[in-house]
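Have a look at the structure below, then the notes.
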Amino acid sequence: MRLSWLSKVFGRRDDDVALSLYHAVVAQARLPHWFEAGGVPDTIDGRFDMIAAILSLVLLRLERDPSAAAGASARLTERFVSDMDGQLRESGVGDIGVGKHIGKMMGMLGGRLGAYRDGLAARDLRPALERNLYRSGAAAPSALAHAQDALFAFDARLAALPTTTILAGDIA
């Protein structure tokens, strides 16, 4: 495993914490209800969009406790980048193209963070979901309602959890 400069700054333990939490994010994003009742396309793009949605809510929750979670947030984001790098390489994207794709994905994640932050504050995630989760076409109203309700419920669960529990990867 390649260790980055963040690993040197935050140490190996933080890397293990970020890996556990990242695995929990991916597990949440792969729950069948997102793709069945939620109508998220079960495609490479749809799976990326769902991981980005769950990751965004986790990062937004960690933002509320910066003293305890700033380093973990950076490591979690780095885990996401590392996973996306591996996925791109597995799908045949070459070294030159990977950096460009990763830059685009990071921009997409940043945009989603802002959109979900605004949507949570307004108690209306529909515009963010239509733009980011259903970008390949219009979602059925029942699917959109399911995704919004499930994301609000997930955000409420995260809000009720201590930061240490989240950092341990216990976000179900």
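The values are calculated or read from the model by the stated rules, or taken from the named source; none is laboratory data. Computed from a prediction, not measured in an experiment: that's the story for all the values here. Cβ coordinates were reconstructed from backbone atoms using ideal geometry, including for glycine residues, and neighbour counts include every protein chain displayed. Accessible surface is based on the protein model in full, side chains and every heavy atom, while ligands, DNA and RNA are left aside. Shrake-Rupley method; radii C 1.70, N 1.55, O 1.52, S 1.80 Å.
Results, tabulated for the structure shown:
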quantity	calculated
For residue 43, solvent-accessible area (1.4 Å; no DNA, RNA or ligand), Å²	60 Å²
Segment 109-158: C-alpha gyration tensor shape, a/c 1.5 cut-off, then a/b vs b/c	oblate
Cβ-defined net charge surrounding residue 34, 13 Å radius [Lys, Arg +1; Asp, Glu -1]	-2
Cα gyration tensor category, rounded, prolate or oblate, for segment 131-172 with a/c compared to 1.5	prolate
Accessible-area ranking of 75, 30, 131, largest first, probe 1.4 Å	131, 30, 75
Cβ-placed point charges (K, R +1; D, E -1), dipole of segment 108-172 about Cα centre in debye, nearest 20	160 debye
